[in-house]
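Down below is the structure, laid out as structure tokens.
The values are calculated or read from the model by the stated rules, or taken from the named source; none is laboratory data. Since this is a predicted model, take the numbers as computed values, not measurements. Neighbour counts run over all protein chains shown; Cβ positions are idealised from the backbone, glycine included. Surface areas here come from the heavy atoms of the whole protein model, side chains and all, with no ligands, DNA or RNA. Shrake-Rupley method; radii C 1.70, N 1.55, O 1.52, S 1.80 Å.
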Amino acid sequence: MPLEEYRRKRRFDVTPEPSGKGKSAAKKKPTGKPKAKALHFVVQKHRASILHYDFRLEWKGVLLSWSVPKGPAFDPATKRLAMQVEDHPIEYAKFEGVIPEGEYGGGTVMIWDEGTWTPLSDDVSRSLEKGELKFELSGKKLRGSWVLVRTRPAKDGRFQWLLIKHRDDWVSKEDITELAPRSVVSNRLLAEIAFDEGGNVQKAATGDPPGQIEKLLKDPAALKARRPKRKPAVWHSKPRGS
Ligand code: MN
């Protein structure tokens, strides 16, 4: 059961994250030989105990997941550490909001990028086993060809990989995390998501570029327009609705 570890770490009566027990998960195993078809990918910016970017690729009914502390880079010379973490349910790709403090991964989650990915090898399972997966991304921010290369197991037994951009037309020295810090589904900063969803705004804001927060604070119209969507139930770590 690929999602066992994911479920073991979470209390679904407290966190708004999906349990992965919905209809879309496990059952939908691809049949036959995997073809070069477009699959979903998502990058979730996550201000938990430390800021990181969760890079997730749809594969065989789950989201293969890596935690990338500094986020993706368009410069092939910049190799970004990517720690492999437990598989996540497919529905997780739609999650943007607040994980209650004290829960696993407590903090604010943003859908930083999403789109489709296409494997550049015929046999993805074998590429994953070998520790070298080449693929193309067609997202709103991330484009072009990339590779994930496994280096060695970390101290906790998890595998350490590097996320590297291949040379192509999309190569750039600019820092995409600074250039494009907002959600691709709601256009919000982390601080705005935390505010709307009843999370810790100050903590979330430390994950946004300082210049963006200053701009927001200087714009009274933008601040006035913001109202929390619902009561901040998550502050008390109680199950929703109680
Ligand atoms: Mn995370």
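Being within 24 Å of Ala73 (Cβ to Cβ), of a type in the set (Lys, Arg) and modelled with pLDDT of 95 or more holds for only one residue in Lys203, Lys141, and it is Lys141.
Scanning the range 177-199 for residues that are in a loop (DSSP other than H, G, I, E, B) and either buried (at least 20 other Cβ atoms within 10 Å of the Cβ) or modelled with pLDDT of 95 or more (or both) returns Ala180, Pro181, Arg182, Ser183, Val184, Val185, Ser186, Asn187, Arg188, Leu189, Gly199. Modelled with pLDDT of 90 or more, more than 16 Å from the ligand (Cβ to nearest atom) and of a type in the set (S, T, N, Q): does that describe Ser67? The answer is no for Ser67. The residue that is farthest from Val185 (Cα to Cα), among those in the range 50-63 that are open to solvent by less than 20 Å² (accessible area, probe 1.4 Å), more than 14 Å from the ligand (Cβ to nearest atom) and in contact (Cβ under 8 Å) with a residue 60 or more places away in the chain, is Val62. The set of residues in the range 138-147 being surrounded by 21 or more Cβ atoms within 10 Å (Cβ to Cβ) and not in a strand (DSSP E or B) consists of Leu142 alone. Among residues that are open to solvent by less than 10 Å² (accessible area, probe 1.4 Å), touching a residue at least 40 places away in the same chain (Cβ under 8 Å) and outside any helix (DSSP H, G or I), Leu162 is not included.
Residue-by-condition table, conditions (1) open to solvent by 10 Å² or more (accessible area, probe 1.4 Å); (2) over 15 Å from Tyr53 (Cβ atoms); (3) among the small types (Gly, Ala, Ser):
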site: Ile99; (1), (2), (3): no, yes, no
site: Tyr104; (1), (2), (3): yes, yes, no
site: Met110; (1), (2), (3): no, no, no
site: Glu114; (1), (2), (3): yes, no, no
site: Ser121; (1), (2), (3): yes, yes, yes
site: Ser127; (1), (2), (3): yes, yes, yes
site: Leu133; (1), (2), (3): no, yes, no
site: Glu136; (1), (2), (3): yes, yes, no
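Only a single criterion out of (1) in contact (Cβ under 8 Å) with a residue 60 or more places away in the chain; (2) more than 16 Å from the ligand (Cβ to nearest atom) is not satisfied by Gly157, namely (1).
For the range 122-144, which residues satisfy the criterion of being among the polar types (S, T, N, Q) and within 21 Å of Ile111 (Cα to Cα)?
Once the filter is applied, which keeps residues that are among the polar types (S, T, N, Q) and within 21 Å of Ile111 (Cα to Cα), the range 122-144 yields only Ser138.
Filtering the range 151-164 to residues that are farther than 16 Å from Tyr53 by Cα and under 19 Å from the mean Cα position of the chain (by Cα) leaves Arg158, Phe159. Selection of the range 89-135 for residues being within 16 Å of the ligand (Cβ to nearest atom), of a type in the set (Phe, Trp, Tyr) and more than 24 Å from Gln202 (Cα to Cα) yields only Tyr92.
Taking first residues from the range 80-92 that are part of a strand (DSSP E or B) and partners that are of a type in the set (Lys, Arg) and crowded, with 19+ Cβ neighbours inside 10 Å, the Cβ contacts under 8 Å between residues at least 6 apart in sequence or on separate chains come to His88/Arg56. Taken residue by residue, the range 28-49 has at least one member that is within 10 Å of the ligand (Cβ to nearest atom), modelled with pLDDT of 95 or more and closer than 25 Å to Glu132 by Cα.
Considering only residues that are under 18 Å from Trp59 (Cα atoms) and in contact with a helix residue (DSSP H, G or I) (Cβ under 9 Å, 6 or more places away or on another chain), which ones fall in the range 88-112? His88, Pro89, Tyr92, listed by residue number.
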